[in-house]
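Please treat every number below as a calculation from the coordinates, not as lab data. Predicted model only: the values in this text are computed from it and were never measured. Using ideal geometry, Cβ is built from the backbone for each residue, glycine included, and neighbour counts are taken over all protein chains shown.
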Amino acid sequence: MAHVTINQVIKNYGAVRAIKGIDVGIEDGEFVALVGPSGCGKTTLLRMIAGLEDITGGTIEIGGKVVNGLQPKARDIAMVFQNYALYPHMKVADNMSFSMQLAGASKEEIRVKVQDAARILNLEPYLDRYPRELSGGQRQRVAMGRAIVRNPKVFLFDEPLSNLDAKLRVSMRAEIKSLHQRLGTTAVYVTHDQIEAMTMADKIVVMSEGRIEQVGTPLDLYDEPANLFVAAFIGSPSMNLLEGEVCAGGVRFADGTMLHLSGTEGFETGRPVIAGIRPDTFELAERGLAVQVNVTEPTGAETQVVGQIGDTPVTCLMRERISGRYGDVLHVLPHGPVHLFDPGTRLRLGTARAALVN
Amino acid sequence: MNARLTPWLFLMPAILIYGIFGAYPIFQTFAISLTNQVGVAEPGTFIGLQNYVTLIEDEYFLNSLKNTGIWVIAFLIVPNSLAITIALLVKQTFWGAGLIKTVFFLPLALSFAIVGVVWGWIYEPDVGLLDQLLIGLGLDGLIVEWLGPEAATYSVIAAAAWRQTAFATVVFLAGLSAIPQELIEAAKVDGGTRRQIFFRITLPLLKPASTIAVSSALIHALLATEIVLTMTEGGPFGTSEVVGYRMYMETFWNYKFGYGAAIGVIVTLMTATMVVPYVRRMAKAQERDWS
Amino acid sequence: MTDMTTQIQSLPQDGLNRGSLRERLEEPFMRGGQIGLLLLLALVFFLPVLGTLLTAVRTIPDITQNGAWALPSSYEWGNLSHAFVEMLPYLRASVIITLPSVAGTLMVSMMAGYALSRMRFQGRIWMFLVIVSLSFVPIHTQLIPVFRLMSDLGLHDTFLAQIIVHIMRQIPFAVLIMTNFFNTVPGELREAGRIDGASEWTIFRRIYVPVARPALSALIVLEFTWIWNDLLWGLVLTQGSGKKPVTVGILSFEGEYEIAWNMVASGAVVAAIPTLVVFLAFQKHFIRGMTMGSVKG
């Protein structure tokens, strides 16, 4: 077990800078998710920790030791690949113990470790099978077993659940999380799925275009997104972003409606802002923001209203069972925080709350 | 292991073996073709392009060149059109597909030496398989002296075409199988007739297969040494010689190494021009896959 | 999968694809005609083989009196065993030449193919294209210098010379096949191996070579056939009969028996049996290999 320190790390592919100077500290035993849209550099960063990519600049430390020049095998890490990368010609037991065989471990030692890992992962009946004889979820578990057997300082996961169907993904999510809690090994987990990151990680690193947008606990990111990118990326359905300007007692939107807010007093009147409102905070109101309905999507527990305020598309998640049709108008008010962002810098300015209208 | 060196270590055996016994000889052939070397005992003296000048006036060589031209034309047309017909018939009828395919593919397993010997017996005057077959069918009038001066070249081509058709059938069948069935069905739904579907969907999609079949036919027609050697030894009176066979004769029968090398160079240059389209296609595919 | 689609498609076809009256009338004729034509072509194609087999087991008087296509009046299996005994030294030489040549070709080309496919290095694509081009180099460009080189090295009329030359000639094609095959194997296997602590050689030896088994069987069948069937190198690089492969042997056999066509045919059958057996047993691999590389024939 060990902490991982990523210090000013840079990666160039020819003239293209894929990672633009990243700092992350990962505590011993922490489960950290690297999340972001495809092409943001999260997988590259993971592969640099693994030693599969050269590090152009900066340093990576594992357990206090700089590993830049070390081969993957010398870094004491284990990795679970997106397509599992199971050796197709080896049985499950051999897949799991290949690293130990190479290291020259004794047969007895190998047997014990493989049995242990198989028990933890419920793979005992399958040790004598080939990967092609297993289901997707079982292969996934073998890939994890291969990592566990090595008893590494750090687990690296590269989108390990993306090849599973939706239902299996949810149960494997819980399984990986409980496994981590039991083993207590530091884990770095790459995903493009923010729900995976939110549900599993102790700490999330949101990346975009080779940079870090924000680092924090899942709820930190949800409650106080540092910028518009994180605001839009974290949470599902994603946060509504409405352009407007500060006026006395609130914010006035482009279509002319005004939202009474407390907490905007500090800003000068006329200052342009973007107001971020989570879909689930809307509630029906007598008066308030006018939402033109495009479609309503009932899911049973709640109703998702897709429409627009002025020209801006919005999504509202209502607890009421609403049966609006195209062209209907709903009036809603946010009963939760309204996040204010600067349209220029795209950074967070502060949080306001809807005030009661008299 | 040094990461930069590793790939070259893996390539080393291939590079060494091909370099010493394959690539270096290619350059040597060019060099030898500029000498009057006879046999292996001692190197010849440099005579510039004299061998090539002599070749232009060498009647045997010119005759072999003419025959090679006939080979190329015949080989482009006969095996490929036969093969595409067979492939389409097999694909469309599904009839006894496994056994039928084996019959058509079988010649691929036979060496040119064996093809030559077998077809020698086929062409044997009077008692041979072909004459006997024609007599049996009442077609005695068609019988000619198959391996005589008039017909020998064409007879040898027919034997070689037998084998080449097998190869082209494999290629075209694979090409046909690679065409998604949905495309044909879509064309049917769009109201295409059988003829339209063949000419406007199937044939254009067979282009990769055609490139392969055509390149292969060209190369085999240009080289065509072994089968001529085994069936006619270029005869009678050199009438069925081809360029590749001349090279072999001049070198290993007449021991005119310099002269033979010059013919070898010409064969190589002819081949090179023929395979350019193929290599270019590979290059394009690789750049696409690897970038 | 093919079976599924054909089944599904054959069900509604009669209902859907009614077409015009003319087309409906044509259909059975078309199909009958196609099958007939196919059978005729197959028969013509098979006649040389059939005729040779027939000739091999007959006596010369039987052939001259009853014609080449008559059924044998008596089956002379002795022709074949006699031919086999005479061909034995050549068959032996062919085995001694072919097996090591195939093994050597496989080893060398697997290593090269692995490097070209899985490693990223300067000049990789260039190297690959050179190899593709080399697979077209005609034997004529190499015959003379190789003949001279082998004489200089004292390897003339040895098995070793033939083995080396066969490996050399097969390298371009085999490397092409192996490179293309390794391109289809996920690169993550190599990375998983690296993380598991394997050296590049171990990854190659213990992961990629075993995974390559399907490509290998195709390549083995093809290379065996081609090397076994070679004639020119066998002619050029040998002197005594002990080192001559069976392709050269059948020619001297033919010369020896002249117009004893039953013996010549028997010799051809005996000489063809090894490659025929391999071909019939592994036809699928053979065809797959051809379509993987698809340059030779």
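The table for this structure:
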{"item": "Surface/4 estimate of mean projected area, convex hull on alpha-carbon atoms of chain B, nm²", "result": "22.6"}
{"item": "Under the span-like rule (Cα at least 27 Å along the axis, Kyte-Doolittle mean at least 0.5), DSSP H helices of chain B", "result": "B:59-93, B:152-178"}
{"item": "Considering only chain A, percent of DSSP beta bridges that pair antiparallel, nearest 5", "result": "80"}
{"item": "Global form of chain C, assessed from the alpha-carbon gyration tensor, a/c cut-off 1.5", "result": "oblate"}
{"item": "DSSP-defined antiparallel bridges as percent of all bridges, the protein assembly as shown, nearest 5", "result": "80"}
{"item": "Virtual paramagnetic centre 7 Å along Cα→Cβ of C:Thr158, amide N under 16 Å, in segment B:14-32", "result": "B:21"}
{"item": "Principal-axis tilt of helix A:136-149 within chain A, Cα atoms, nearest 10 degrees", "result": "60"}
{"item": "Between helix A:107-120 and chain A: long-axis angle, C-alpha atoms, 0 to 90°, nearest 10", "result": "20"}
{"item": "Label-point separation in nm, B:Lys207 to A:Gln115, each point 7 Å along Cα→Cβ", "result": "6.3"}
{"item": "Relative contact order %, chain A, counting alpha carbon pairs below 8 Å whose residues are six or more apart", "result": "15"}
{"item": "Tail fraction, Cα-Cα pairs, segment A:293-335, threshold 16 Å, whole percent", "result": "26"}
{"item": "Whole-Å distance, taken between Cα centres, linking segment B:108-149 and segment A:14-80", "result": "73"}
{"item": "Over chain C, relative contact order from alpha-carbon pairs under 8 Å, at least 6 apart, %", "result": "28"}
{"item": "Folded to 0 to 90 degrees: helix A:166-183 orientation relative to chain A principal axis, Cα", "result": "60"}
{"item": "Virtual spin-label span in nm between A:Ala285 and B:Val40, 7 Å along Cα→Cβ", "result": "10.0"}
{"item": "Over segment B:108-155, relative contact order from alpha-carbon pairs under 8 Å, at least 6 apart, %", "result": "21"}
{"item": "Kyte-Doolittle at least 0.0, axis length at least 20 Å by Cα - qualifying DSSP helices, chain C", "result": "C:21-56, C:77-118, C:159-183, C:213-229, C:261-281"}
{"item": "Cβ-Cβ FRET estimate between C:Phe46 and C:Phe84, R0 fixed at 22 Å, reported to 0.05", "result": "0.40"}
{"item": "Efficiency of FRET from Cβ geometry, A:Ser38 and B:Ala186, R₀ 45 Å, rounded to 0.05", "result": "0.90"}
{"item": "Part-to-part distance (alpha-carbon centres) for segment A:259-297 and segment C:76-139, which is given in Å", "result": "75"}
{"item": "Per-pair calculated FRET efficiency, R0 = 51 Å: A:Ala254 and C:Ile96 via Cβ, rounded to 0.05", "result": "0.05"}
{"item": "Selected from B:Val265, B:Val170, B:Val279 as most flexible by GNM, with chain B as the system and alpha-carbon contacts under 10 Å", "result": "B:Val279"}
{"item": "For segment B:219-288 and segment A:89-131, distance of Cα centres in Å", "result": "57"}
{"item": "Approximate spin-label separation B:Phe30-B:Leu49, in nm, with each point projected 7 Å along Cα-to-Cβ", "result": "1.5"}
{"item": "Under 26 Å from the Cα of C:Lys284 - lysines, other chains or at least 8 residues apart", "result": "B:Lys91, B:Lys101, B:Lys207, C:Lys296"}
